[in-house]
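One structure is given below, encoded as structure tokens.
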Amino acid sequence: MKFGGNLNRYLQFFIDGWNHFRDPSVESRHSAVYYWREQMKAMFLYTTSKERELPFRSTWHTLVNIQVSICFSTMCYGVTESFGDKVQIGRDLAFIIGFFFITFKIYYFQWYGDGLDEVVETLDRLHPWAQKGPGAVDCRTGKRWYFVLAFVLASSWMVFLCIFLLLLITSPMWVHQQILPFHAAFPFQWHDKSIHPISHAIIYLFQSWCAVYTLTWLVCIEGLSVNIYVELTFAIEVLCLELRNLHRRCHEYEELRLETNRLVKFHQKIIDLLDRTNNVFHGTLIMQMGVNFFLVSLSVLEAMEARKDPKVVVQFAILMLLALGHLSMWSFFGDLLSQESLKISDAAYEAYDPTKGSKDVYRDLCLIIRRGQKPLIMRASPFPPFNFINYSAILNQCYVILTFLLNTLD
């Protein structure tokens, strides 16, 4: 596929999203999940068995693995040059933890790419979830709201990403004693500009390319991951709508019985999809919880250690805010999923009408009520679910550890 075709494929989400945002009457044929997947395919890093069968894909995936491995290993080796400087070691560790998270995700989805694609295919096939035909519920408002939310998030992330990449790549021009975007060390001092100017230029370009490519891909996989849970939240809203409008759509006993049976299967399908999604993202959910915990702890510790230097404090304060913002986003959507799922039992109770239906209908509604009393959660067992309660617990644990470390250092 030509570069122009891939670029259009990547930008299609923003084009359709802008049209959707500008004109409320425009309807998207696909969910946001579909567009995020298209962006990853446009970058040649959607690691499924089908994609690897396409020309040059398998070779490119191998090259990406080699590039990120070299970048990560040289960053780790660069720590040896920072011994004795606590602030520089803190910076190095922050970048190493962040890049490790990216590297882990790239390798992880080499193994779980097919499982991810199955979930995406199922979600896109079922979108927009509502039953079609006479008396169908109007879910266009919710559909538009979630699509515009995904578009706004994607646009915001891309703006911040461009700013961050610009600052990162140009940092050697305005940061004292920094000669590369990432602090790294290579054999034979190849990274030293005064000794090997040509190899230094090659390494500079190599790190810049790795930063642009991997961080752009990270935004795509994060967007895809988040929007899978958002799409399941939308499915729950549609289920609640259909339950509340059950008797408006179904008047005959046979219609009512078939519809309640379909809604039971609909609810079970959402539960099964969430279980499959949690299984696919099990490793990455654990990793991002750990990474954010370490980044918050590290940034606060370094800021307190260098509290007499305002520039260092600002740098690590920004890092802390980025880590907290990332964790807050996942906690918000995890909370949203759980809160919407608890509305299912209320909607099923509202659908109960003792003057209509039969024991079969009542049994189906009771089954939905009983299942709906257990919230659906974004979780990687055995760790707690992503929500603001556990978000507060993580912050509290960070505070306890930092208080202990600061007391020890003093």
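Given the DSSP H assignment, sum -39500 (n - 2.57) over each helix run of at least 4 residues in the chain and divide by its residue total; what's the result at 222 nm in deg cm²/dmol, nearest 500?
Working: 14 runs with 314 residues, N = 410.
Here the helix-only value at 222 nm equals -27000 deg cm²/dmol.
Between the alpha-carbon centers of the stretch 122-189 and the stretch 40-69, tell me the distance in whole angstrom.
Result: 20 Å between the Cα centres.
Toward the positive end of the charge dipole of the stretch 3-409, about the Cα centre and with charges on Cβ (Lys, Arg +1; Asp, Glu -1), which of HIS30, TYR46, ALA201 goes farthest?
HIS30
Taking a 1.4 Å probe, which of SER381, SER31, SER69 shows the most accessible area, and what order do the others take after it?
The ordering from most to least exposed comes out as SER381, SER69, SER31.
Assign unit charges at the C-beta atoms only (+1 for Lys and Arg, -1 for Asp and Glu), then state the dipole size of the stretch 114-197 relative to its Cα centre in Debye, rounded to the nearest 20. Could you put the intermediate results ahead of the total?
On the way: 6 positive and 7 negative charges, 82 e Å.
Here the stretch 114-197 has a charge dipole of around 400 debye.
Suppose all protein chains stay in the model; what accessible area per residue would a 1.4 Å probe give for the chain, in Å²?
In whole numbers, the chain has 51 Å² accessible per residue.
Out of the total accessible area of the chain (probe 1.4 Å, heavy atoms of protein only), what percent is carbon and sulfur?
The nonpolar share, carbon plus sulfur, comes to 65 percent.
Can you figure out the FRET efficiency of ARG9 with LEU167, using R₀ = 35 Å and their beta-carbon distance, to the nearest 0.05?
Values: r = 28 Å, r/R0 = 0.80.
The computed FRET efficiency comes out at 0.80.
Could you give the dipole magnitude of the stretch 295-344 about its Cα centre, charging the beta-carbon of Lys and Arg +1 and that of Asp and Glu -1, in debye to the nearest 20?
Charge dipole, the stretch 295-344, about its Cα centre: 120 debye, nearest 20.
Would you mind checking the tilt of helix 282-305 against the longest principal axis of the Cα atoms of the chain, expressed as 0 to 90 degrees and rounded to 10?
50 degrees
Relative to the longest principal axis of the C-alpha atoms of the chain, give the angle of the C-alpha long axis of helix 310-341, reported between 0 and 90° and rounded to the nearest 10°.
20 degrees
What FRET efficiency comes out for LEU321 versus GLU53 if R0 is 35 angstrom and r is the Cβ-Cβ distance? Round to the nearest 0.05.
Rounded to the nearest 0.05, the efficiency is 0.25.
From the P(r) of the stretch 3-409, can you give the percent of Cα pairs sitting at distances over 30 Å?
Cα-Cα pairs in the stretch 3-409 separated by more than 30 Å: 50 percent.
Would you mind checking LYS105/LYS343; LYS105/LYS308; LYS132/LYS359 for any pair whose Cα atoms are more than 32 angstrom apart? Before the final figure, lay out each step's value.
Working: LYS105/LYS343 34 Å; LYS105/LYS308 37 Å; LYS132/LYS359 26 Å.
In this structure, LYS105/LYS343; LYS105/LYS308 exceed 32 Å between Cα atoms.
Nearest 10 degrees is fine. How inclined is helix 3-22 to the longest principal axis of the chain, computing both from alpha carbons?
In the chain, helix 3-22 runs at an angle near 50 degrees to the longest axis.
Find how many whole Å separate the alpha carbon centroid of the stretch 204-226 from the alpha carbon centroid of the stretch 308-347.
The distance from the Cα centre of the stretch 308-347 to that of the stretch 204-226 comes to 21 Å.
To one decimal place, what Kirkwood hydrodynamic radius in Å is obtained for the stretch 78-173 from all pairs of distinct Cα atoms?
One over the average 1/r among Cα pairs gives 18.2 Å for the stretch 78-173.
The values are calculated or read from the model by the stated rules, or taken from the named source; none is laboratory data. Keep in mind the model is a prediction, meaning the values are calculated, not measured. Virtual Cβ from ideal backbone geometry, glycine too; neighbours counted across all protein chains shown. Each accessible area value is taken on the protein alone, full model and side chains, heavy atoms only, with ligands, DNA and RNA left out. Shrake-Rupley method; radii C 1.70, N 1.55, O 1.52, S 1.80 Å.
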